[in-house]
């Protein structure tokens, strides 16, 4: 009897323990579920209370970088012709810093001491007027540390003048091909003093500029004439994308495609344009790939003074880009001893993808940024992370 009593006691105790454990587990699960539901409800309510602007500002950073910049119109200064005439010493020849396809650019100093770049749009007729209006409209709405900032404009008496922040080191092409003149075959003469780390940083920051135009603006902005001349450098050789006179907003109706007059610059234009006259964000990617090849090789896109087979940069370099043992053959001699083969191979692979003949095979600029980021971060040479 006593043995049976003890067994009954043990059984009862076991049952009590099991029930207690199950109850504890149930309570734990119930509490966890409650917390989960409460958290979801709280987040949902929080999202409902946010304005669209707050949601964009708090969006998760892309590509290991800063959050997308909010696209909103900002105020720019309206100048008189007299103010800009005074700022540039009467648009004197000594203040000319460049002369592009759409007009001359002068260095100027405003009355408040700010140094600026003053661009006179000299393209005649409606075409020039449209480019002027487009550039003002675009730059009033675009805001990124990787795009040249518009400070103001002037339309006094039929003049079309744009005023930008001043970039002390001018265009990238001036430093890749110093002491050279741009002709039908490109820049010749001089040895670049841009080291490997600086070139990597410039490539990354220019990619960020195009990524912003393509990914952070709706509809996307297609640059349409991206080249080394479009990349300007500040006093510390940080890069910003410029030249929006030919840029175009893609539309939902055209799927982001643009069909218009002849655009681009020889050697930079994507091959599909000759067949379709359509330009897309992938056309910009091709042009970026050509610039990346220039940074790697120190060669211009087209130079028919070179030996047979080497006159067109992309045709000469593309077969060599995927061969690790031949990468050294395409690298700019000025970079000797500055880069690791691993890094050069990675950058060459990115360039090869960007200049694919088929647009669909080219990466997005966001992919390019993602691929370059580790290389730049490892060298501690990026402006923002």
(message) Tell me yes or no: at least one residue of the stretch 317-325 is within 24 Å of residue 230 (Cβ to Cβ), within 21 Å of the chain's Cα centre (by Cα) and without any contact (Cβ under 8 Å) to a residue 40 or more places away in the chain.
(response) no
(message) Please determine whether any residue of the stretch 110-118 is outside any loop (DSSP other than H, G, I, E, B) and modelled with pLDDT under 95.
(response) no
(request) Restrict the check to the stretch 55-75 and report whether at least one residue is at pLDDT below 80, outside the structural domain of residue 156 (by TED's automatic domain parsing), in a helix (DSSP H, G or I) and surrounded by 14 or more Cβ atoms within 10 Å (Cβ to Cβ). (result) yes
(message) Checking the structure you have, find out if any residue of the stretch 312-320 is more than 27 Å from residue 213 (Cα to Cα) and surrounded by fewer than 13 Cβ atoms within 10 Å (Cβ to Cβ).
(response) yes
(request) Would you check if residue 246 is in the same structural domain as residue 369 (by TED's automatic domain parsing) and either at pLDDT 90 or above or assigned to a loop (DSSP other than H, G, I, E, B) (or both)? (result) yes
(request) Please specify each residue of the stretch 156-181 satisfying the condition of being surrounded by fewer than 15 Cβ atoms within 10 Å (Cβ to Cβ), more than 17 Å from residue 135 (Cα to Cα) and modelled with pLDDT under 90. (result) 157, 178, 179, 181
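Conditions (1) out of contact with any helix residue (DSSP H, G or I) (no Cβ under 6 Å at 6 or more places or on another chain); (2) part of a loop (DSSP other than H, G, I, E, B), marked per residue:
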position: 264; (1), (2): yes, yes
position: 267; (1), (2): yes, yes
position: 274; (1), (2): yes, no
position: 283; (1), (2): yes, no
position: 293; (1), (2): no, no
position: 307; (1), (2): yes, yes
position: 310; (1), (2): no, yes
position: 319; (1), (2): yes, no
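The values are calculated or read from the model by the stated rules, or taken from the named source; none is laboratory data. Worth saying up front: this structure is predicted, and the values here are computed from it rather than measured. Cβ atoms come from the backbone with ideal geometry, glycine included; neighbour counts cover every protein chain shown.
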